[in-house]
């Protein structure tokens, strides 16, 4: 006989099961519905067979726990062989067993059972099991937090070590370039003293190596418009005079004035630094320092016969005419300035507006806090700012070449001035090594100190965290366990 009644019962293992839509069978093939009295009688009989130490008042327990037995699902065995136990149904509508282990961490969970009815030994085992489980849970939480904290500290320490090595240790290429640059400086002094006639060739070889590297690096970082600046223009004029037009006195006067004028004072004004391990900074120093040195060698170190034969343009200038020099220097300067504004300022204005860097934009940003910079930036339009900047640069050039007649006439004064420019660039390089690297290292140490301080604070918070303390276990918070056999708890 079939039945659609949903039954709830407690199996021998203490797990709650739900039996639905089962068929009831017995030896007499008739459906049997258990009433409360039959269920109490069978339950007392089973308890007496399994544990003689337990005395239960089943009627009161059934009323307290609210168990309602309305049907049994699939009795196994025969009634003559012993008590019939309710087995879990395989129906798809049945509910899975509840994992009581996960409920051990919920202190106020009502198990619906009574621990007071079991022996003290079983109760102690049950409590020890819960306490060990809670301690393992807390230890796992603490270990996870400690591992995370240790990983964070190791990562920050590794980053600090990487930053320090990056700032203090140069790459192999920079080390090699440092040695080469130092060798070239010594070689330049030796050539000037022993073989001055080969110094223009020496200058040309270095120029042919460094300038292509500069072009590559500037195009790579989008600084190609800086290659149109006056310093590179003067270097090209010098190469033109040495190898193409050595018999031009006007070209010689212009190159001499621009080299020992604008380029020399640019080392002081713009703080060019002779940093030997840096290709970029060494190239900048070369562009500004080598033309004055070369002009000093051509005018004051070469033999007179060699000058007349190799550089007739220098031999044609007996006495320096100040106004003549200003005129021709202004002509060559104007050629460069007009070409610069046509090819860069006008034709590339869209890219400049998009953020492409030029000398004008760089100086406007760098000198914005000075009086001159505030004046230029305060002008209403860009073309007016460019015009004012052009005139300022032109008058700066005229002012810088005021001493050129002295440098042309007096060898020792010219040599002292060139040496002063070289020493100034070297001093700027020393400042870079000491101050910049020292400040970088100091900043890295301060950053690591702050990170360690933050990690210590996090560690202190972790130590005082509730997860770091064993939580007190209160047996009173657990509701009584009822109808749970001792053998099930031990399992």
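Given the conditions (1) surrounded by 14 or more Cβ atoms within 10 Å (Cβ to Cβ); (2) modelled with pLDDT under 90, and given that residue 454 satisfies all but one, which numbered condition is not satisfied?
Residue 454 satisfies every listed condition except (1).
Residue check, residue 240 against (1) without any contact (Cβ under 8 Å) to a residue 12 or more places away in the chain; (2) not in a helix (DSSP H, G or I), all met but one. Which one?
Of the numbered conditions (1) without any contact (Cβ under 8 Å) to a residue 12 or more places away in the chain; (2) not in a helix (DSSP H, G or I), the odd one out for residue 240 is (2).
Any idea which residue in the range 304-317 is nearest to the chain's Cα centre (by Cα), counting only those that are free of Cβ contacts under 8 Å to residues at least 24 places away in the same chain and within 21 Å of residue 406 (Cα to Cα)?
Here the residue is 307.
Return the only residue of 210, 227, 201 being surrounded by 16 or more Cβ atoms within 10 Å (Cβ to Cβ) and either in a helix (DSSP H, G or I) or not assigned by TED's automatic domain parsing to the domain that holds residue 348 (or both).
From the options 210, 227, 201, the qualifying one is 210.
Does residue 260 satisfy being in contact (Cβ under 8 Å) with a residue 40 or more places away in the chain and buried (at least 22 other Cβ atoms within 10 Å of the Cβ)?
Yes: the conditions hold for residue 260.
Filter the range 213-224 for residues that are part of a helix (DSSP H, G or I) and in contact (Cβ under 8 Å) with a residue 12 or more places away in the chain; which is farthest from residue 316 (Cα to Cα)?
Top of the filtered list is 217.
Residues in the range 246-301 that are within 45 Å of the chain's Cα centre (by Cα), at negative phi and outside any helix (DSSP H, G or I): how many?
Qualifying residue count, the range 246-301: 8.
Going through the range 320-369 one residue at a time, which ones are loosely packed, with under 13 Cβ neighbours inside 10 Å, over 24 Å from residue 218 (Cα atoms) and in contact (Cβ under 8 Å) with a residue 24 or more places away in the chain?
Those that are loosely packed, with under 13 Cβ neighbours inside 10 Å, over 24 Å from residue 218 (Cα atoms) and in contact (Cβ under 8 Å) with a residue 24 or more places away in the chain: 322, 331.
Looking only at the range 382-401, which residues are in contact (Cβ under 8 Å) with a residue 40 or more places away in the chain and closer than 27 Å to residue 301 by Cα?
Answer for the range 382-401, where residues must be in contact (Cβ under 8 Å) with a residue 40 or more places away in the chain and closer than 27 Å to residue 301 by Cα: 397, 398, 400, 401.
The values are calculated or read from the model by the stated rules, or taken from the named source; none is laboratory data. All figures in this text were calculated on a predicted structure; none of them were measured in a lab. Positions of Cβ are backbone-derived with ideal geometry, glycine not excepted, and every protein chain shown enters the neighbour counts.
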